[in-house]
Ligand SMILES: [Zn+2]
């Protein structure tokens, strides 16, 4: 049993590091923005990316283990400045084992103009179920973490107006897919807007 937990822990840490690199290559996080956390199912602690730059070059040893009150249990770095939002989600969603927060440029742009995000692609309509766009709150604030925990109860995706996106899932792959599919849909919406404008000129 002990061996199994260790294997799962190493696997989670590896997945966090790999996911951050993938999201950086997709342009959904920058060197200094975005954060990821994950936990072993049912546990009262999580691994989270550290605060500070160089996200694409993160190593497993850079990750920080914290409990649901934000206390550091393992690691030499400070946890992500957005740690409050991550722990508040885990507190209200026992079924969630991974949280991904990114700064999707197209999604941010679309929701700064439109009040609600209405998916147009089949994939997004199926995967996202219900998505809410929350009013702007200061990043990393307690106010933001409370608003997110209230709204994530029956959803797997949230858009933070003027700031970014949060995706949650039973594992990291699920949470990562959420933020990727939202951005793909926002790109399609942008293309539709450009072409419908051009079409109206002829
Ligand atoms: Zn952010």
Task: Per-region count, the stretch 82-91, residues farther than 14 Å from residue 160 by Cβ and within 13 Å of the ligand (Cβ to nearest atom) - done: 1
Open item on the list: With the structure loaded, tell me whether residue 110 is out of contact with any strand residue (DSSP E or B) (no Cβ under 8 Å at 6 or more places or on another chain), more than 16 Å from the ligand (Cβ to nearest atom) and more than 21 Å from residue 56 (Cα to Cα) or whether it fails that test.
Closed with: yes
Task: Identity of the residue in the stretch 30-45, exposed (fewer than 14 other Cβ atoms within 10 Å of the Cβ), away from the ligand (no atom under 13 Å from the Cβ) and free of Cβ contacts under 8 Å to residues at least 40 places away in the same chain, that ends up farthest from the chain's Cα centre (by Cα) - done: 44
Open item on the list: Can you find a residue that is surrounded by 22 or more Cβ atoms within 10 Å (Cβ to Cβ), under 13 Å from residue 182 (Cβ atoms) and within 16 Å of the ligand (Cβ to nearest atom) anywhere in the stretch 123-132?
Closed with: no
TODO: Return yes or no: is residue 154 in contact with a strand residue (DSSP E or B) (Cβ under 9 Å, 6 or more places away or on another chain) and either in a helix (DSSP H, G or I) or exposed (fewer than 14 other Cβ atoms within 10 Å of the Cβ) (or both)?
DONE: no
Task: Selection from the stretch 110-122 of residues that are out of contact with any helix residue (DSSP H, G or I) (no Cβ under 6 Å at 6 or more places or on another chain) and closer than 25 Å to residue 173 by Cα - done: 111, 118, 122
Task: Residue, surrounded by the most Cβ atoms within 10 Å (Cβ to Cβ), within the stretch 46-82, restricted to residues that are under 21 Å from residue 155 (Cα atoms) and touching a strand residue (DSSP E or B) at 6+ places or on another chain (Cβ under 6 Å) - done: 46
Task: Per-region count, the stretch 92-107, residues in a helix (DSSP H, G or I) and within 15 Å of the ligand (Cβ to nearest atom) - done: 2
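How many of the residues making up the stretch 11-29 are more than 25 Å from residue 184 (Cα to Cα) and surrounded by fewer than 16 Cβ atoms within 10 Å (Cβ to Cβ)?
Of the residues in the stretch 11-29, 2 are more than 25 Å from residue 184 (Cα to Cα) and surrounded by fewer than 16 Cβ atoms within 10 Å (Cβ to Cβ).
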TODO: Collect the residues in the stretch 135-151 that are in a loop (DSSP other than H, G, I, E, B) and within 12 Å of the ligand (Cβ to nearest atom), keeping them in residue-number order.
DONE: 136, 137, 138, 139, 140, 141
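Every read-out reported here was derived from the displayed coordinates using simple, explicitly stated rules and does not represent laboratory data. Treat the numbers as computed from the prediction; the structure is a model and nothing was measured. Positions of Cβ are backbone-derived with ideal geometry, glycine not excepted, and every protein chain shown enters the neighbour counts.
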